[in-house]
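Worksheet for the structure shown next.
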């Protein structure tokens with residue numbers, strides 16, 4: 001398991017585990033700003049999760065947060081955040097846990113590649129520490145109009161769909177089959193510009209996505225199931241990530 005304070009530094013940032021109610025409150029407030037909600041974002045899965053904070057060492061300000069949960073049993077998978085929308089039971093492996101990444105959020109208006117680097121360094125250390133075989137999550141797009149992201153969805157459909165062995169099914173009441181809807185030739189530059197940075201990182205390491213996008217009215221987002229098998233990460237990328245995790 002990770003140490004608490006701090007775990008790593010990258011440039012002007014440090015990442016650490018939330019250790020107090022005040023830390024959690026700051027993360028929920030950042031999630032409110034990041035997702036454009038009317039009140040701090042909190043749900044029942046927060047209490048079962050480990051919360052990570054990326055802070056600016058010069059100002060003390062919170063710049064990024066995310067939560068992690070280790071799924072070690074079938075019941076964990078059925079009662080996870082992702083399970084509200086997707087049936088991913090075929091991915092469970094009794095020999096190695098799944099790690100669920102959620103509520104990844106960066107302070108609006110802040111663009112610094114070091115934030116994503118240090119976050120992935122912390123993720124790598126965590127996944128290695130628990131011996132996980134896969135990292136999973138729901139990757140979100142702002143807004144609920146799928147046509148806005150037609151180029152992104154066509155790229156996902158043509159290049160990054162999960163293999164049949166994952167046997168994913170969507171259990172959400174409202175979703176779209178973007179594979180059927182967006183079959184036209186894509187504008188790759190537009191797709192890359194519109195793709196959430198977290199999803200770009202997943203895909204660059206060999207991540208795969210489900211074939212449906214869930215419409216989340218509460219969060220005012222679209223999201224797709226995203227999974228990254230640890231064995232699928234290129235060795236060169238693994239070495240880089242583990243160097244960041246030191």
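Anything in the stretch 213-237 that is without any contact (Cβ under 8 Å) to a residue 24 or more places away in the chain and either in contact with a strand residue (DSSP E or B) (Cβ under 7 Å, 6 or more places away or on another chain) or not in a loop (DSSP other than H, G, I, E, B) (or both)? List them, or say none.
Within the stretch 213-237, 235, 236 qualify.
For residue 167, state whether it is farther than 30 Å from residue 16 by Cα, surrounded by fewer than 19 Cβ atoms within 10 Å (Cβ to Cβ) and in contact with a helix residue (DSSP H, G or I) (Cβ under 6 Å, 6 or more places away or on another chain).
When the stated conditions are applied, residue 167 passes them.
Mind listing whichever residues of the stretch 20-55 are in a loop (DSSP other than H, G, I, E, B) and over 20 Å from residue 138 (Cβ atoms)?
20, 38, 39 - these are the residues of the stretch 20-55 that are in a loop (DSSP other than H, G, I, E, B) and over 20 Å from residue 138 (Cβ atoms).
Output the residues belonging to the stretch 217-235 that are modelled with pLDDT under 90 and surrounded by 14 or more Cβ atoms within 10 Å (Cβ to Cβ).
Of everything in the stretch 217-235, just one residue is modelled with pLDDT under 90 and surrounded by 14 or more Cβ atoms within 10 Å (Cβ to Cβ), namely 233.
Table: residues versus (1) assigned to a strand (DSSP E or B); (2) within 27 Å of residue 80 (Cβ to Cβ).
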| residue | (1), (2) |
| --- | --- |
| 172 | no, yes |
| 179 | no, yes |
| 184 | no, no |
| 189 | no, no |
| 192 | no, no |
| 200 | no, yes |
| 211 | yes, yes |
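Restricted to the stretch 44-72, and to residues that are in contact (Cβ under 8 Å) with a residue 12 or more places away in the chain and exposed (fewer than 14 other Cβ atoms within 10 Å of the Cβ), which residue is nearest to the chain's Cα centre (by Cα)?
Here the residue is 61.
Would you be able to tell me the number of residues in the stretch 1-16 that are at pLDDT below 80, within 12 Å of residue 52 (Cα to Cα) and in contact with a helix residue (DSSP H, G or I) (Cβ under 7 Å, 6 or more places away or on another chain)?
Selection size over the stretch 1-16: 3.
Conditions tested, residue by residue: (1) buried (at least 21 other Cβ atoms within 10 Å of the Cβ); (2) touching a strand residue (DSSP E or B) at 6+ places or on another chain (Cβ under 9 Å); (3) free of Cβ contacts under 8 Å to residues at least 60 places away in the same chain; (4) closer than 23 Å to residue 231 by Cβ.
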residue	(1), (2), (3), (4)
75	no, no, yes, no
82	yes, yes, no, yes
95	no, no, yes, yes
99	yes, yes, yes, yes
105	yes, yes, no, no
109	no, no, yes, no
112	no, yes, no, no
126	yes, yes, no, yes
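The values are calculated or read from the model by the stated rules, or taken from the named source; none is laboratory data. All figures in this text were calculated on a predicted structure; none of them were measured in a lab. Backbone-built Cβ (ideal geometry, glycine too); neighbour counts: all protein chains shown.
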